[in-house]
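Q: I'd like to ask you about the structure that follows.
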Amino acid sequence: MSERVVEFEEALAEVLRHAAGVTPPPREQKAVALQDAEGRVLAVPVRAERDQPPFARSTRDGYAIRSADVSEEQPLRIIGSVRAGEMWRGPAVGDCEAVEIMTGAPVPEGADAVLMVEHAELGADGLLRVRGGRTLQSGENVVPRGAEACAGAEVIPSGQRAGVAEIALAANCGCARLQVFVRPAVAIVATGDELVELDTHPEPWQIRNSNSYALAAMVRAEGGEAQRLKIAQDSMEALRERLAEASSADLLLLSGGVSMGKYDLVEVALREAGAEFFFTGAWIQPGKPVVFGRTPRGSGGWLYFFGLPGNPVSTEVCFRLFVAPMLRAIAGQTEVAPRFVEARLSEDVKGNARVTRFLPAIVESDWMKVTVRVVPWQGSGDLAANARANGFVVLPSREGFVAGERVRVLLR
Ligand code: AMP
Ligand code: MG
């Protein structure tokens, strides 16, 4: 069996290349109520319902005036008042005139700026004067009509995921429902003779299947619909059975059984099913045995799969690095690549000259600096250490790293 173990960058590039090939996917669409749209991927863009803002909007409490009138000597005459929720019905603001205005109110005709109330002084004579030395530019404290978006303009493209900002904007555009892609079905198969489910009491030599739950949670968070299949024993029959059950899914995730052991049969079973492998390992730690490929579907097309190393931290790291971008693409998202942030190491760390390491780490930040430190762990099976981390620090293939060095972090 030909193995292909690639550098991290190459593995990611391979995934992104295939991800680009499935965008935009011919996915089914449906309408969802805006209050249920969080995390959904837009199938149809949201357009501005009208000019936004729909009128020249004051951003301050103060006085709508003609900016050219501003001088210390020249008092202004107040001709009325306008508040948010009404239009100024009086005449256009003329020379040396002012209309009292509240934040969010439409700026009356004739005025081109708003003098902040803090910069104005109302005399006993009822006249308005500008406080010493203040000047006012044309347009100051006014957002012109249509400055944020013109009526009909695309404000959220399709392929963007609805988060808080998108939901607020959609509401602003009057969209009570959004047209979204149906979540892709992601089949999850945990493999291993030692695994038991949560409803079974584990014998001392048995391990609970935690990966299926972690994977299901990450699938859901990335916009997929998780289908947890039964645990597959380390036998060809069990694996064949699961592969058949997963054949109609949009993406297949297998955990365990991809190392070099005698009972690591996942690659063998996939190959038997006609799989094409893009890589069968990556020079990363944890996660080196990770596998990426696709099998032909009976109905035409391909079913992409990932074989994830069974150790729980490897599973999570490989999901975040490789599965998430592919899943986002299949879900219809246009932005799919993992996002890294930068931080400074707060302690020295040992590296490894051969592999890129992704170690569970704690990112801490105060207003002045962002630092990261590795969580002490017992290796990639250490779920307790993993749960103390809030991300994975990236250590490129090198011997050592010293406190203060800038490194990248993959946040959870
Ligand atoms: P494998 O990749 O099959 O060689 O498994 C590597 C390690 O991960 C072994 O210690 C397994 O017991 C453990 N492991 C495999 N699958 C799971 C799973 N679904 N949940 C928790 N641990 C697992
Ligand atoms: Mg195993």
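The values are calculated or read from the model by the stated rules, or taken from the named source; none is laboratory data. Treat the numbers as computed from the prediction; the structure is a model and nothing was measured. Neighbour counts are summed over all protein chains in view; Cβ atoms, including those assigned to glycine, are modelled from backbone coordinates with ideal geometry.
Q: Select from segment 273-294 the residues that are within 13 Å of ligand 1 (Cβ to nearest atom) and part of a loop (DSSP other than H, G, I, E, B) and write down the one among them that is surrounded by the fewest Cβ atoms within 10 Å (Cβ to Cβ).
A: In this case the residue turns out to be Lys288.
Q: Can you find, within segment 65-117, the residue that is farthest from Pro54 (Cα to Cα) among those that are assigned to a loop (DSSP other than H, G, I, E, B) and among the β-branched types (Val, Ile, Thr)?
A: From segment 65-117, those assigned to a loop (DSSP other than H, G, I, E, B) are 66, 70-75, 83-96, 102-105, 107-112; that's our starting set.
Subsequent filtering for residues that are among the β-branched types (Val, Ile, Thr) retains 70, 93, 103, 107.
Working: Val70: 27, Val93: 20, Thr103: 15, Val107: 11 Å.
Here the answer is Val70.
Q: Exactly one condition in (1) away from ligand 2 (no atom under 13 Å from the Cβ); (2) out of contact with any helix residue (DSSP H, G or I) (no Cβ under 9 Å at 6 or more places or on another chain) is false for Ser314; which is it?
A: (1)
Q: Looking at (1) farther than 22 Å from Phe319 by Cα; (2) under 19 Å from the mean Cα position of the chain (by Cα); (3) not in a loop (DSSP other than H, G, I, E, B), find the lone condition where Ala244 falls short.
A: Unmet condition: (2).
Q: Yes or no: segment 311-321 includes at least one residue that is over 25 Å from the mean Cα position of the chain (by Cα) and more than 16 Å from Leu16 (Cα to Cα).
A: Among the residues of segment 311-321, at least one is over 25 Å from the mean Cα position of the chain (by Cα) and more than 16 Å from Leu16 (Cα to Cα), which makes the answer yes.
Q: What number of residues in segment 317-337 are away from ligand 2 (no atom under 16 Å from the Cβ) and either of a type in the set (Lys, Arg) or within 18 Å of Val409 (Cα to Cα) (or both)?
A: Of the residues in segment 317-337, 11 are away from ligand 2 (no atom under 16 Å from the Cβ) and either of a type in the set (Lys, Arg) or within 18 Å of Val409 (Cα to Cα) (or both).
Q: In the set Val219, Val186, which member is within 16 Å of ligand 1 (Cβ to nearest atom), aliphatic (A, V, I, L, M) and assigned to a strand (DSSP E or B)?
A: Val186
Q: Right, something else. Right, Ala56: surrounded by 14 or more Cβ atoms within 10 Å (Cβ to Cβ) and small (Gly, Ala, Ser) or not?
A: yes
Q: Suppose we filter segment 244-261 for residues that are more than 16 Å from ligand 1 (Cβ to nearest atom) and either of a type in the set (Gly, Ala, Ser) or surrounded by fewer than 24 Cβ atoms within 10 Å (Cβ to Cβ) (or both); how many remain?
A: Quick first cut of segment 244-261, residues more than 16 Å from ligand 1 (Cβ to nearest atom) only: 244-245, 247-251.
Narrowing further to those that are either of a type in the set (Gly, Ala, Ser) or surrounded by fewer than 24 Cβ atoms within 10 Å (Cβ to Cβ) (or both): 244-245, 247-250.
Number of matching residues: 6.
For every residue, the table says whether it meets (1) free of Cβ contacts under 8 Å to residues at least 60 places away in the same chain; (2) touching a Gly at 6+ places or on another chain (Cβ under 8 Å); (3) more than 16 Å from ligand 2 (Cβ to nearest atom); (4) of a type outside the set (S, T, N, Q).
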residue	(1), (2), (3), (4)
Lys230	yes, no, no, yes
Ala238	yes, no, no, yes
Ala246	yes, no, yes, yes
Met260	yes, no, no, yes
Ala269	yes, no, no, yes
Glu272	yes, no, yes, yes
Phe277	no, yes, yes, yes
Gln285	no, no, yes, no
Pro289	yes, yes, no, yes
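Q: Considering only segment 189-213, how many residues are assigned to a loop (DSSP other than H, G, I, E, B) and away from ligand 2 (no atom under 12 Å from the Cβ)?
A: Total satisfying the criteria: 11.
Q: Is it the case, given these coordinates, that Ala168 is modelled with pLDDT of 95 or more, over 29 Å from Cys318 (Cβ atoms), exposed (fewer than 14 other Cβ atoms within 10 Å of the Cβ) and not basic (Lys, Arg)?
A: Against the criterion (modelled with pLDDT of 95 or more, over 29 Å from Cys318 (Cβ atoms), exposed (fewer than 14 other Cβ atoms within 10 Å of the Cβ) and not basic (Lys, Arg)), Ala168 qualifies.
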